[in-house]
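Here's the structure, in structure tokens; my notes come after.
The values are calculated or read from the model by the stated rules, or taken from the named source; none is laboratory data. Just so you know, these numbers come straight off a predicted model, no measurement behind them. Reconstructed Cβ throughout: ideal geometry from the backbone, glycine too, with neighbour counts over all protein chains shown.
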Amino acid sequence: MKAVCSIAAEFIKSRGAHASARPLGAEMCKELKTKVLRLSPSTSNGPAVQQQGHTAGAEILTCTAKALKEGHVVGVPTDTIYGLACLAQNSEAVRRIYDIKGRNGQKPLAICVGEIQDIYKYCKVKVKEELLGDLLPGPVTLVFERSEALNTDLNPFTSLVGVRIPDHAFMRQLCQTCGEPLALTSANISSHTSTVEAHEFQELWPSLAVVVDGGPIGQQSRLGSTVVDLSVLDKYRIIRPGCAFSATVDVLERKYGLSEDSGQE
């Protein structure tokens with residue numbers, strides 16, 4: 001990990017220091033030892049990080065995965081908003097995410113995986129795989145019945161779980177590198193505005209081991225992913241409209257013939 005620390009380590013002396021543009025590098029909050037790792041535009045999204053020819057991108061991936069495997073919470077970019085992530089199978093790390101956000105313990109966390117086939121390990125899927133491929137990767141969270149393989153301390157109050165595959169190369173590779181799902185939630189104090197730039201959740205940095213700054217999120221809509229419950233056969237229920245509502249409903253209804261679940265028998 002020496003390579004990561006030697007990229008361009010500096011100390012942040014004020015909140016304003018983060019706002020000044022600097023090349024790809026690693027910074028350290030002096031008092032708090034939070035690593036702030038900046039992805040270059042070519043590694044923050046698009047093709048896989050290690051295919052870009054930037055060794056720093058691969059080193060940031062390794063550093064972030066190491067922090068996760070050590071049980072820490074990290075701040076990461078996605079295709080919709082910035083998120084807080086930890087290993088979903090690590091109960092203590094999951095509890096820490098709730099503490100950091102001040103989140104109601106009865107509000108579930110989604111999981112994030114790297115590939116569609118990973119969904120089948122942690123969820124009981126009742127839709128065609130082609131449907132998954134039409135919506136993922138993308139700004140959609142699909143809710144299914146959870147499988148026995150998922151940590152029972154993650155959302156123990158419900159038999160369902162939401163799963164994401166962000167359309168974001170770094171996030172997908174992070175899941176693949178960790179080899180297990182990430183628990184994922186928005187990077188903000190609970191009930192506060194979603195964040196689309198890393199500095200917007202700077203108040204949370206002291207509680208995070210790593211913050212990956214991927215630059216401004218493209219859409220900047222702050223709506224987050226569209227959340228749709230597919231746990232009932234041939235039905236769908238929109239839990240949160242999010243940023244891809246119309247396109248998601250169009251796929252579900254017109255292409256696959258699913259009907260909206262009104263909750264009535």
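Per-structure values
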quantity: Scope segment 173-217; condition free of Cβ contacts under 8 Å to residues at least 60 places away in the same chain and of a type in the set (D, E, K, R); matching residues; calculated: 203
quantity: Identity of the residue in segment 218-253, among the small types (Gly, Ala, Ser) and part of a helix (DSSP H, G or I), that ends up surrounded by the most Cβ atoms within 10 Å (Cβ to Cβ); calculated: 247
quantity: Neighbours by Cβ (under 8 Å, 6+ apart or cross-chain): first from segment 150-170, under 16 Å from residue 85 (Cβ atoms); second aromatic (Phe, Trp, Tyr); calculated: 150/122; 161/122; 161/144; 163/122; 163/144
quantity: Checking residue 265 against (1) over 12 Å from residue 82 (Cα atoms); (2) at pLDDT 95 or above, the condition it does not meet; calculated: (2)
quantity: Residue match in segment 186-199 (condition: surrounded by fewer than 21 Cβ atoms within 10 Å (Cβ to Cβ) and over 19 Å from residue 77 (Cβ atoms)); calculated: yes
quantity: Residue in segment 96-105 that is surrounded by 24 or more Cβ atoms within 10 Å (Cβ to Cβ) and either modelled with pLDDT under 95 or under 17 Å from residue 206 (Cα atoms) (or both) present; calculated: no
quantity: Any chance residue 70 is exposed (fewer than 15 other Cβ atoms within 10 Å of the Cβ), of a type outside the set (A, V, I, L, M), modelled with pLDDT of 50 or more and within 23 Å of the chain's Cα centre (by Cα); calculated: yes
quantity: So residue 215, is it within 16 Å of the chain's Cα centre (by Cα), over 21 Å from residue 35 (Cβ atoms) and assigned to a loop (DSSP other than H, G, I, E, B); calculated: no
quantity: Any chance residue 218 is at pLDDT below 95 and farther than 25 Å from residue 87 by Cβ; calculated: yes
quantity: Residue check for residue 118: under 26 Å from residue 199 (Cα atoms) and at pLDDT 95 or above; calculated: no
quantity: Complete set of residues in segment 64-102 that are in contact with a strand residue (DSSP E or B) (Cβ under 7 Å, 6 or more places away or on another chain), part of a loop (DSSP other than H, G, I, E, B) and either within 20 Å of residue 196 (Cβ to Cβ) or among the β-branched types (Val, Ile, Thr) (or both); calculated: 73, 77, 81, 82
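Residues are listed down the side, and each one gets a yes or a no for (1) at negative phi; (2) not hydroxyl-bearing (Ser, Thr, Tyr):
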| position | (1), (2) |
| --- | --- |
| 173 | yes, yes |
| 190 | yes, no |
| 195 | yes, no |
| 209 | yes, yes |
| 212 | yes, yes |
| 222 | no, yes |
